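Handing you a structure now.
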Amino acid sequence: MERKTVFSGLQPTGNIHIGNYLGALRNWVKLQDEYDCIYCVVDLHAITVPLDPTQFNRDRLDAAKALIAAGVDPERSLFYYQSQVPQHTELAWILGTITGTGQLNRMTQFKDKSDRAGSNLGLYSYPVLMAADILLYRADAVPVGEDQKQHLELTRDLAERFNHRFGDEFPMPEPIIPEKGARVMSLQDPTAKMSKSDPDENSRILILDDPDTIRKRLKRAVTDSETEVRYDWAAKPGVTNLIEIMSLLTGESVQSIETEYGTGGYGTFKDAVADAVVAGLAPIRSAFREMDDAEVARLMQRGALDARTRAEGFQQAVRKRVGLAG
Ligand code: AMP
Ligand code: TRP
């Protein structure tokens, strides 16, 4: 039987936080053992908000390095920058012609971002480019955090609409969302998700943060006015978020964490969470530090070449379907 194809992307803006890691990246890494994986640093998605070009170029390389340090293996997976494979944008244009503007108006990420950054056409059509990323390779499965569910639904809608209008071309991609960690919350406001764009740096822990920073951020993490360490999203979202982070990084069950730290006070508990986070991220940090920029740049070039070849084969079939071939 043919191996299933997995596709996912991450924007190279700001730094990768433990929400990205626990919600998506850990699955990216795991899936490499079994599936044909394609992972993309989605730089074209990132430029939908204003950025400094020089800084962005640096951030893009750092994102590639961080993903490799976290376990993306360019020898096993196809790994490249989105902008270096023009078939993504070509397919996005074609899919755009079958996308209703009403549907785009309902996308919550667009609404959030355009409130903050001001609207533009790129931000508006962002979900169509994302659908193209996935459908370009006929991906079967897409490991993401919960916030991307709506975009995956749009992707499936577009696949269905295309297949109906032009003939069966795209399989229906399934999201792969972890049971726990799919929505890691802000350390400062546990009712909002941890986000790269939150102006408050204390709201997140980056996968490359040094141990002191990690400890400081966890000490300041918002909890509640009780003292009990108990897993309860409704009543104790701050504490619950920390329990979940700890459980995911140590493999210890929620129940055993509750038993161990239940009545010991938040101070002791937060120190233990900090130990778990520091230990869990240490291998990523040291791998990142050992990496050579020029070598990673070369790997990305090679990835783009391979991706272009693969994408072109698929894209030719789309052109034929639509009447654009020959
Ligand atoms: P982005 O940083 O927007 O490119 O997101 C990269 C991946 O991380 C996507 O699959 C997101 O769904 C996931 N993600 C982002 N924020 C969180 C979060 N707070 N908790 C869990 N997953 C997240
Ligand atoms: N929209 C995703 C995010 O904000 C990033 C992304 C772009 C993506 N293209 C993708 C994720 C394709 C999965 C598959 O996190």
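From the P(r) of the range 27-97, can you give the percent of Cα pairs sitting at distances over 17 Å?
52 percent
Just need the relative contact order of the range 201-288 here, percent rounded to a whole number, with Cα pairs under 8 Å and 6+ apart.
35 percent
Mind listing which GluC sites (Glu not before Pro) in the range 65-167 are in a DSSP loop and have 10 or fewer other Cβ atoms within 10 Å?
Loop-located and lightly packed - GLU75.
Could you work out the Rg to Rh ratio of the chain, with Rh taken as the Kirkwood radius (inverse of the mean 1/r over all Cα pairs)?
Rg divided by Rh gives 0.99.
Would you mind computing, in nm to one decimal, how far apart the modelled labels at GLU179 and THR213 are, each placed 7 Å from Cα along Cα→Cβ?
Placing both labels 7 Å beyond Cα along the Cβ direction yields 3.3 nm.
Could you give the alpha-carbon Rg of the range 201-288 over 2.2 N^0.38 Å, rounded to two decimals?
1.05
Then there's this: In debye to the nearest 20, how big a dipole does the chain give about its Cα centre with +1 on each Lys and Arg Cβ and -1 on each Asp and Glu Cβ?
I would put it at about 800 debye.
Per-residue HN-Hα couplings for the range 172-186, Karplus 6.51 cos²θ - 1.76 cosθ + 1.60 at θ = phi - 60°, whole Hz, x for Gly and Pro?
Once θ is set to phi - 60°, the couplings for the range 172-186 become 7, x, 9, x, 10, 10, x, 5, 10, x, 6, 8, 6, 9, 4 Hz.
Moving on to the next point. Counting only DSSP beta bridges with both residues in the chain, tell me the antiparallel percent, nearest 5.
10 percent
At a probe size of 1.4 Å, how large is the accessible area of TYR124, to the nearest 10 Å²?
40 Å²
Tell me, what is the percent relative contact order of the chain, built from C-alpha pairs under 8 Å that lie six or more residues apart?
So the answer I get is 22 percent.
Here's something else I'd like to know. May I ask you to list the aspartates and glutamates whose Cα is less than 17 Å away from that of LYS196, ignoring any residue fewer than eight positions away on the same chain?
Answer for LYS196, where 17 Å is the Cα cut-off: ASP43, ASP52, ASP59, ASP62, ASP112, ASP115, GLU146, ASP147, ASP209, listed by chain and number.
Additional query: When only DSSP loop residues count, what trypsin sites (Lys or Arg not before Pro) in the range 1-73 have their Cβ near at most 10 other Cβ atoms within 10 Å?
Hits after loop and neighbour filter: ARG3.
In addition: Report the Cα centroid-to-centroid distance between the range 175-239 and the range 1-76 in angstrom, as an integer.
Between the Cα centres of the range 175-239 and the range 1-76 lies a distance of 22 Å.
Can you tell which of ILE245, ILE94, ILE176 shows the greatest fluctuation in a Gaussian network model of the chain with Cα springs below 10 Å?
Between ILE245, ILE94, ILE176, it is ILE94 that shows the largest mean-square fluctuation.
Pull up all non-local amide H partners of LYS193: gap of 5 or more, or a different chain, and H-to-H distance under 5 Å with H placed in the peptide plane.
The answer is SER186.
Taking each full run of DSSP H in the chain as one helix, which ones are at least 24 Å long along their axis (Cα atoms) and have mean Kyte-Doolittle hydropathy of at least -0.5?
Qualifying helices, which must be both long enough and hydrophobic enough, are 53-70, 266-290.
As a quick test, which of the pairs LYS4/LYS193; LYS30/LYS149; LYS4/LYS30; LYS4/LYS111 have an alpha carbon distance above 25 angstrom in this structure?
Long pairs (Cα-Cα over 25 Å): LYS4/LYS193; LYS4/LYS111.
Continuing with the same structure: So, taking all protein chains as they sit and a 1.4 Å probe, how much accessible area belongs to TRP233, in Å² rounded to tens?
Spelled out: TRP233, probe radius 1.4 Å, area about 90 Å².
OK, next. Is there a quick way to get the dipole size of the range 201-288? I mean about its Cα centre, with the Cβ of Lys and Arg at +1 and of Asp and Glu at -1; what is the value in debye to the nearest 20?
Using only the charged Cβ atoms, the result is roughly 300 debye.
Could you report the range 201-288's accessible area per residue, 1.4 Å probe, as an integer in Å²?
On a per-residue basis, 45 Å².
Please work out the Kirkwood hydrodynamic radius for the range 281-326, using every pair of different C-alpha atoms, and report it in angstroms with one decimal place.
With all distinct Cα pairs of the range 281-326 included, I get 13.4 Å.
Quick one: putting +1 on the C-beta of Lys and Arg, -1 on the C-beta of Asp and Glu, what dipole do you get for the range 94-252 around its Cα centre, in Debye to the nearest 20?
340 debye
Of the options ALA274, ILE257, ALA287, report the single residue whose Cα projects farthest towards the positive end of the charge dipole of the range 201-288 (beta-carbon charges: Lys, Arg +1; Asp, Glu -1).
Selected residue: ALA287.
I'd like the GluC sites (Glu not before Pro) in the range 163-241 restricted to DSSP loop residues with at most 12 other Cβ atoms within 10 Å, sorted by number.
GLU179, GLU226
Only Cα pairs within less than 10 Å get springs; with that Gaussian network setup on the chain, which residue of GLN103, GLN87, GLN188 has the largest fluctuation?
Highest fluctuation among the options: GLN103.
The values are calculated or read from the model by the stated rules, or taken from the named source; none is laboratory data. This one's a predicted model, so the numbers in the text were calculated from it and none came from an experiment. Neighbour counts are summed over all protein chains in view; Cβ atoms, including those assigned to glycine, are modelled from backbone coordinates with ideal geometry. In case anyone asks, the SASA skips ligands and DNA or RNA and just uses the protein heavy atoms, side chains included. Shrake-Rupley method; radii C 1.70, N 1.55, O 1.52, S 1.80 Å.
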